[in-house]
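The structure under discussion appears below in the form of structure tokens.
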């Protein structure tokens, strides 16, 4: 072996020291405030840290039960379901969980990716398989579910070269950078199919499933599709050909979820081509809405025309207005796209993509004799139908992004109209109803109290926002403690289920295990970072603030430190920090926004019981918390003032 020169050895030794010195220098330049108030910690702070500590232990049990050495899962199933088993573990770490949860999430992502990328490529299985570590062909609703873990890994460590290369490769599938995946028409600004991926756009997909289960329609070409069409081979072939000509080769609203993929690549690289793709594609859909009299069309032909294969009919596409889950899916994609475009551009005009459709839904609402306000969730040849209470998820995300009074009025309208259960996803409204069976009239049941909506689990379609919004409206002061207790209860329920489950590994193998994940971070996200729950279907974190341990140079709150965003306004937030450790001081760094997209202006706080003000004018603020101290900070905020990035405070680029 060739002997290494002494000069190279010196360089190798000095290089990490150089980086360490640069990071220390970067941290020294951050304005610092020191707390001096000593008090007994509030109940919410004790509960917050107890929840983190308990999930630290519960997660170990889950990991040991459901994974092999190397990170692959014991259970088998579609790639998206397997990724979902650990999708929020990086978030847990960046809130304050132990680093092993990030390490395991990364290990699981690599293990699941490896075991679902067959070699040689399996040509017989288009779905639920990966090629070049990305789905071969799937709708972007399900691709987004699977990608959430991948996006979240950058919250724990954005400097993993392999993951940056993956992000560029995955985004490249929609920039036509891979000749095997020409998924996008850059001239007409459209995605070429309802099913896309690493092997390009599909021209034929499964008509039987999507038509029989009410996800798409053949109207007006087929006025009344007989229920037994799939039982005769000749008729099945005829319908399949019609389905592919009407449905498969179209662009649809759920493809707006691709904006999350592109934004993720931008946050890692800063390459403007990803930003340009997001803004151009969102503008294309905003133009589609304008050309369709203010209604989002759900099928765009390959020549860029609305309803191109349906004589101009704007509804009937996959996961669109006809579909049983269409409203939930389309609005999730619009929320993600609006947030991504605003994040990347700093221009609030992109929020109109989502706002316009929320307004359109409210304009079509009806008010029952009970005072309950209902909006239509579906459309068929007879018009709008399936009236239910409006979802809170997307309204909460819109208000969080804009902080404008007009968007708060949406919330007020929903609050006045939400008087009874069932909500949109409950009872008969949550069933897998086909279009021709969805004729039941909404019947009110028990009264609905926003303050008491302590939804268990993370995948709640945003229903946890009711109680959180009441807190910020000044009408639910006990929400922080109650929300944290509810997640603690759900975590213990899942642990009890797993402890009682005596199945052998062979029986677990085919099980869908992710609902038992004991890492439940909904309330932790909401309380510490002042954010609505991340949209599960490919959404990116929408934090008002996030935290770093300044001493350990790790993301997340230091051990025994609790945080609560008490108030949120357009240009100001109130943050309460508590060090529960009676012996050791802590030091943390606040960041303005999930990706440093905001800027702190000045901070008001008490110093020796006297009012004090510190000018910051930057995206970082350092707080020293001596043992048993707490501090309340009134922080001025200039929103969307910085170019967003996954970089940590000590990353010098």
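Below are the figures for this structure:
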{"read-out": "Hits in the stretch 428-472 (condition: modelled with pLDDT of 85 or more, part of a loop (DSSP other than H, G, I, E, B), in contact with a helix residue (DSSP H, G or I) (Cβ under 8 Å, 6 or more places away or on another chain) and loosely packed, with under 15 Cβ neighbours inside 10 Å)", "value": "445"}
{"read-out": "Odd one out for residue 379 among (1) within 30 Å of residue 543 (Cβ to Cβ); (2) buried (at least 16 other Cβ atoms within 10 Å of the Cβ); (3) touching a residue at least 60 places away in the same chain (Cβ under 8 Å)", "value": "(1)"}
{"read-out": "Within the stretch 315-328, tally of residues that are surrounded by fewer than 24 Cβ atoms within 10 Å (Cβ to Cβ) and part of a helix (DSSP H, G or I)", "value": "1"}
{"read-out": "Lone qualifier among 86, 66 - being within 22 Å of the chain's Cα centre (by Cα) and at negative phi", "value": "86"}
{"read-out": "Residue list for the stretch 35-56, filter: out of contact with any helix residue (DSSP H, G or I) (no Cβ under 9 Å at 6 or more places or on another chain) and part of a loop (DSSP other than H, G, I, E, B)", "value": "35, 36, 39, 40"}
{"read-out": "Residue among 636, 596 that is under 26 Å from the mean Cα position of the chain (by Cα) and either assigned to a strand (DSSP E or B) or within 30 Å of residue 274 (Cβ to Cβ) (or both)", "value": "596"}
{"read-out": "Selected residue (criterion: nearest to residue 466 (Cα to Cα)) from residues of the stretch 408-427 that are modelled with pLDDT of 90 or more and within 22 Å of the chain's Cα centre (by Cα)", "value": "411"}
{"read-out": "Out of 533, 591, sole residue that is in a strand (DSSP E or B) and either in contact (Cβ under 8 Å) with a residue 60 or more places away in the chain or buried (at least 20 other Cβ atoms within 10 Å of the Cβ) (or both)", "value": "591"}
{"read-out": "The one condition in (1) farther than 22 Å from residue 529 by Cβ; (2) touching a residue at least 40 places away in the same chain (Cβ under 8 Å); (3) in a strand (DSSP E or B) that residue 584 fails to fulfil", "value": "(3)"}
{"read-out": "Qualifying residue in the stretch 248-256 (condition: in contact (Cβ under 8 Å) with a residue 60 or more places away in the chain and more than 15 Å from residue 194 (Cα to Cα))", "value": "no"}
{"read-out": "Residue, surrounded by the fewest Cβ atoms within 10 Å (Cβ to Cβ), within the stretch 300-313, restricted to residues that are in contact with a helix residue (DSSP H, G or I) (Cβ under 9 Å, 6 or more places away or on another chain) and over 17 Å from residue 242 (Cβ atoms)", "value": "304"}
{"read-out": "Matching entry among 59, 97, 70 (being in contact with a helix residue (DSSP H, G or I) (Cβ under 7 Å, 6 or more places away or on another chain), crowded, with 21+ Cβ neighbours inside 10 Å, part of a loop (DSSP other than H, G, I, E, B) and touching a residue at least 24 places away in the same chain (Cβ under 8 Å))", "value": "97"}
{"read-out": "Residue pairs meeting the criteria (Cβ under 7 Å; at least 6 apart or on separate chains; first assigned to a helix (DSSP H, G or I), in the stretch 170-182; second surrounded by 14 or more Cβ atoms within 10 Å (Cβ to Cβ))", "value": "170/134; 170/261; 171/261; 171/262; 171/265; 171/274; 172/178"}
{"read-out": "Residue check, residue 117 surrounded by fewer than 21 Cβ atoms within 10 Å (Cβ to Cβ) and touching a strand residue (DSSP E or B) at 6+ places or on another chain (Cβ under 6 Å)", "value": "yes"}
{"read-out": "Scope the stretch 275-308; condition over 18 Å from residue 335 (Cα atoms) and touching a residue at least 12 places away in the same chain (Cβ under 8 Å); matching residues", "value": "291, 292, 299, 300, 301, 302, 303, 304, 306, 308"}
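Condition check ((1) in contact (Cβ under 8 Å) with a residue 24 or more places away in the chain; (2) farther than 27 Å from residue 386 by Cβ; (3) out of contact with any helix residue (DSSP H, G or I) (no Cβ under 9 Å at 6 or more places or on another chain); (4) in a helix (DSSP H, G or I)) across all residues:
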| position | (1), (2), (3), (4) |
| --- | --- |
| 199 | yes, yes, yes, no |
| 204 | yes, yes, no, no |
| 215 | yes, no, no, no |
| 218 | yes, no, no, no |
| 230 | no, no, no, yes |
| 243 | yes, no, no, yes |
| 259 | yes, yes, no, yes |
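The values are calculated or read from the model by the stated rules, or taken from the named source; none is laboratory data. Keep in mind the model is a prediction, meaning the values are calculated, not measured. Glycine gets a Cβ as well: all are built from the backbone with ideal geometry, and neighbour counts include every protein chain shown.
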